[in-house]
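What follows is a set of notes on a single structure, which appears directly below.
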Amino acid sequence: PEAPGAEGPGQQLAALACPVLGLFGGLDANPSPEDMAKLQESAGAAGKQVEFHVYPGAKHGFSCRDSANYMAEAAEASWARTV
């Protein structure tokens, strides 16, 4: 649940002026898979260009080599989408 006065996923979409690439770990809790789905749905409804990819089994920080959550396969796939 959101804290009182806190902004949740997609509440600033009207100000979005560029495409967004989202690379998410399937086991990430922040944003949660539910938050990611809400954001993607809201962006589509607002006509914003978003491209999201989820890496099953990956936790937050999966692309950071210094992280205990680093997953080489997911990191390499996400980097290829980024550049």
Practice item. Starting from the range 10-21, keep only residues that are at pLDDT below 85 and of a type in the set (Gly, Ala, Ser), then list their pairs with residues that are part of a loop (DSSP other than H, G, I, E, B) and surrounded by 10 or more Cβ atoms within 10 Å (Cβ to Cβ) whose Cβ atoms are within a distance under 7 Å, requiring at least 6 positions of separation or different chains. Key: ALA14/ALA46
Point to revise | Residues being over 25 Å from ALA72 (Cα atoms) and either among the hydrophobic types (A, V, I, L, M, F, W, C) or surrounded by 14 or more Cβ atoms within 10 Å (Cβ to Cβ) (or both) - total across the range 10-34 | key: 7
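Let's see how each residue does on (1) hydroxyl-bearing (Ser, Thr, Tyr); (2) touching a Phe, Trp or Tyr at 6+ places or on another chain (Cβ under 7 Å); (3) modelled with pLDDT under 95; (4) in a helix (DSSP H, G or I):
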site	(1), (2), (3), (4)
ASN30	no, no, yes, no
MET36	no, yes, yes, yes
LEU39	no, no, yes, yes
PHE62	no, yes, no, no
GLU73	no, no, no, yes
Review point. Does the range 38-61 contain at least one residue that is without any contact (Cβ under 8 Å) to a residue 12 or more places away in the chain and basic (Lys, Arg)?
Key: no
Revision key, fill the gap. Sole miss for PRO1 among (1) within 25 Å of GLU76 (Cβ to Cβ); (2) at pLDDT below 90; (3) not aromatic (Phe, Trp, Tyr) is condition (1)
Revision key, fill the gap. Cβ pairs under 6 Å, 6+ apart or interchain, first in the range 64-83 and in contact (Cβ under 8 Å) with a residue 12 or more places away in the chain and farther than 22 Å from PRO19 by Cβ, second of a type in the set (Gly, Ala, Ser) and open to solvent by less than 100 Å² (accessible area, probe 1.4 Å), ordered by first then second residue, are ASN69/GLY61; MET71/ALA58
Review point. Pick from the range 41-50 the residues that are in a helix (DSSP H, G or I) and touching a strand residue (DSSP E or B) at 6+ places or on another chain (Cβ under 9 Å): which of them is most open to solvent (accessible area, probe 1.4 Å)?
Key: GLY44
Point to revise | Qualifying positions in the range 51-60 - in contact with a strand residue (DSSP E or B) (Cβ under 6 Å, 6 or more places away or on another chain) and part of a loop (DSSP other than H, G, I, E, B) | key: ALA58, LYS59, HIS60
Check your understanding: Which residues, counting only those in the range 56-81, are farther than 20 Å from ASN30 by Cβ and either open to solvent by 100 Å² or more (accessible area, probe 1.4 Å) or of a type in the set (Val, Ile, Thr) (or both)?
Key -> ARG65, GLU73, GLU76, TRP79, ARG81
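The values are calculated or read from the model by the stated rules, or taken from the named source; none is laboratory data. A quick note: this is a predicted structure, and the numbers were derived from the prediction, not measured. Counting neighbours? That spans all protein chains shown, and the Cβs are built from the backbone with ideal geometry, glycine included. To get the accessible areas, we keep the full protein, side chains included, count just its heavy atoms, and leave off ligands, DNA and RNA. Shrake-Rupley method; radii C 1.70, N 1.55, O 1.52, S 1.80 Å.
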